[in-house]
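Here is the structure we will look at, set down as structure tokens.
Rule-based calculations on the coordinates, nothing more; no lab input. All values reported here derive from a predicted model rather than from experimental measurement. Quick reminder, even Gly has a Cβ in these numbers, built from the backbone with ideal geometry, and neighbours come from all protein chains shown.
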Amino acid sequence: MGRYFGTDGFRGEANVGLTVRHAYKVGRFLGAYYGKEHKARIIIGKDTRRSSYMFEYSLVAGLTASGADAYLLHVTSTPSVSYVVRTGGFDCGIMISASHNPFYDNGIKVINGAGYKLEPEVEALIEDYVDRAEDDLPLATRENVGRTVDYVLGRNRYLGYLISLATRSFENVKVGLDCANGSAHQIANAVYSALGAKTYVINAEPDGTNINNGCGSTHIEGLQKFVVENGLDVGFAFDGDADRCLAVDEKGNVIDGDAILYICGKYLKDRGELHGNKVVTTIMSNLGLYKAFDNLGIGYDKTDVGDKYVSEDMVKNGYSLGGEQSGHIIFSKNATTGDGVLTSLKIMEAMLESKKKLSELKEGLTIYPQLLTNIKVTDKDAVINAPEVLKAKEEAEASLMGDGRVILRKSGTEPLIRVMVEGKNDEICKEVTDKIVTVIDKSGFVK
């Protein structure tokens, strides 16, 4: 993890941890870095946060001052930026978003020319430049100053690409879409309507401050109720920048990222399309998923938490499916990043091709209860390495006797320690969690 860039970009509260000066300097560096031998062409997209406009203008100022041309997708999703970068011959792409975080946070995600997250070594160079007091990069002058280009066409091409991936018409299928008052409101309904679905859309009226607010994939209870009350066949919930997707079956049950990996892993294996006969997961995936994969004869890799690590493993080994419990799912045949709308289309494909309801596709997967607790701390490293905390974790794992797990990890984007306990039932999970949290509370680093 760098000084500013975490597992998913440069994040912080707008004008507190992430300022317009930061954005300007990121733009200055990227414009100069990619413009050494030619005029750089860089795509910018943003989500619906009020501060996204401010950061967009700051980035544009930095890019054009360094001589780069900035192509504006306006409000769009992170995966659309990745798609446009890799198919349009751009040098890199920038997405302004803090994903599932509250509206007052924001972030800068940089995507390289191949559509993947920026290389760590380039992130380190950006951080060095941001921290330098002097601005030692040359400024473009006269005809070399960059320009801005309205590039809504790029987003429209992305929409067309998604529509082209459907294997069947969605006619007569009743689909609920929770757009989280974020990027998906420009994309999801357009795709599903074009494919003939009867769409029921909620949380698609962004006002700059309501993104992720009691809605979307982080607050899926609203969609659960909506699906049942309206008798829908399926529902999909996205996060703020639409790179995540969770689903709700016709009974109102949540289909999380692990269940999506199970459903899609089995579907791809049955079709002979599961490369390497493996699915890439993170250490946070449920023990029940691994047992279900064992029963199906599907192998799996486990990476650190973060879709960037899932992606790295998939690229290295040529795997076709990977993802996180949170709903970041990557289908490498179709995309280089997690894509919420693409994930929903793949679930629809599995349903329609098998002629089964979503609840039926989940059969064979038994999820172990998990309890995830977030603790705000002043020093993540000090807490995670404290001898008393390590001892508490060791004792907790021993008490589970192989029928559960304890995972302590640092958040990659927030000042949090995450405690995840998995066990036979909710009571055991709470009992073990309480013991560990008590020890952490006494560490002296809790805010």
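On full extension of the chain, what length is gained from Glu119 through Leu390, given 0.36 nm per residue of separation minus the C-alpha to C-alpha distance?
Values: separation 271, 0.36 × 271 = 97.56 nm, distance 3.21 nm.
Taking Glu119 through Leu390 to full extension adds about 94.4 nm, to one decimal.
Mind running the shape call on segment 280-404? Use the C-alpha gyration tensor, a ≥ b ≥ c as the square roots of the eigenvalues: rounded below 1.5 for a/c, prolate if a/b tops b/c, oblate otherwise.
Numbers: a/c = 2.25, a/b = 1.59, b/c = 1.41.
Prolate is the answer for segment 280-404, as a/c is 1.5 or above and a/b outweighs b/c.
Between Val149 and Thr87, what's the calculated FRET efficiency when r is the beta-carbon distance and R0 is 25 Å? Round to 0.05.
It comes out at approximately 0.95.
Mind checking segment 82-185 for GluC sites (Glu not before Pro) that DSSP puts in a loop (not H, G, I, E or B) and that have at most 12 other Cβ atoms within 10 Å?
Glu134, Glu171
What FRET efficiency, computed as 1/(1 + (r/R0)^6) with R0 = 22 Å and r the Cβ-Cβ distance, is obtained for Arg271 and Asp294, rounded to the nearest 0.05?
The value I calculate is 0.60.
Measuring from centroid to centroid over Cα atoms, what is the spacing of segment 12-41 and segment 114-185 in Å?
If we compute the Cα centre of each part, the gap is 14 Å.
Starting with the fewest neighbours, write out Ile108, Ile163 ranked by other beta-carbon atoms found within 10 Å of each beta-carbon.
Ile163, Ile108
Pairs Lys46/Lys117; Lys251/Lys424; Lys46/Lys447; Lys174/Lys333; Lys291/Lys355: which exceed 20 Å Cα-Cα? All intermediate terms of the calculation are to be shown ahead of the outcome.
Values: Lys46/Lys117 16 Å; Lys251/Lys424 24 Å; Lys46/Lys447 32 Å; Lys174/Lys333 27 Å; Lys291/Lys355 25 Å.
Correct reply: Lys251/Lys424; Lys46/Lys447; Lys174/Lys333; Lys291/Lys355.
With r as the distance between the Cβ atoms of Tyr104 and Leu139 and R0 = 30 Å, compute the FRET efficiency 1/(1 + (r/R0)^6) and round to 0.05.
With R0 = 30 Å, the Cβ-Cβ based efficiency is 0.40.
Can you compute the label reach from Asn317? Point 7 Å from Cα along the Cβ direction, backbone N cut-off under 13 Å, restricted to segment 235-278.
Only 275-278 fall inside the zone, counting backbone N under 13 Å.
When the chain is fully extended, how far beyond the present Cα-Cα distance does Glu431 get from His38, taking 0.36 nm per residue of separation?
Gain on extension, Glu431 to His38, equals 135.4 nm.
What distance in nm separates the simple spin-label points at Thr209 and Glu221, each placed 7 Å from Cα in the Cβ direction?
Once both label points are built, they end up 2.3 nm from each other.
Starting from the Cα of Leu352, step 7 Å along the direction of its Cβ; do the same at Asn15; then give the gap between the two resulting points in nm.
So the label points at Leu352 and Asn15 sit 4.6 nm apart.
Specify whether the C-alpha gyration tensor of the chain places it in the rounded, prolate or oblate class, a ≥ b ≥ c being the square roots of the eigenvalues: rounded for a/c under 1.5, otherwise prolate if a/b is larger than b/c and oblate if not.
Verdict is oblate for the chain.
Ranking Ser183, Ser66, Ser82 by Cβ neighbours within 10 Å, fewest first, what do you get?
Ser66, Ser82, Ser183
Place a point 7 Å from Cα of Glu229 in the direction of its Cβ. Which residues in segment 173-207 have their backbone N less than 15 Å from it?
Residues passing the 15 Å test: 176-178, 200-204.
Using Cα-only point scatterers and the Debye equation, what is log10 of I(q)/I(0) for segment 166-361 at each q in 0.14, 0.17, 0.18 Å⁻¹, rounded to two decimals?
-0.73, -1.08, -1.21
Relative contact order for the chain using alpha-carbon pairs under 8 Å, separation at least 6, rounded to a whole percent?
12 percent
Roughly how many nanometres apart are two label points built 7 Å out from the Cα toward the Cβ at Ser169 and Tyr57?
4.8 nm
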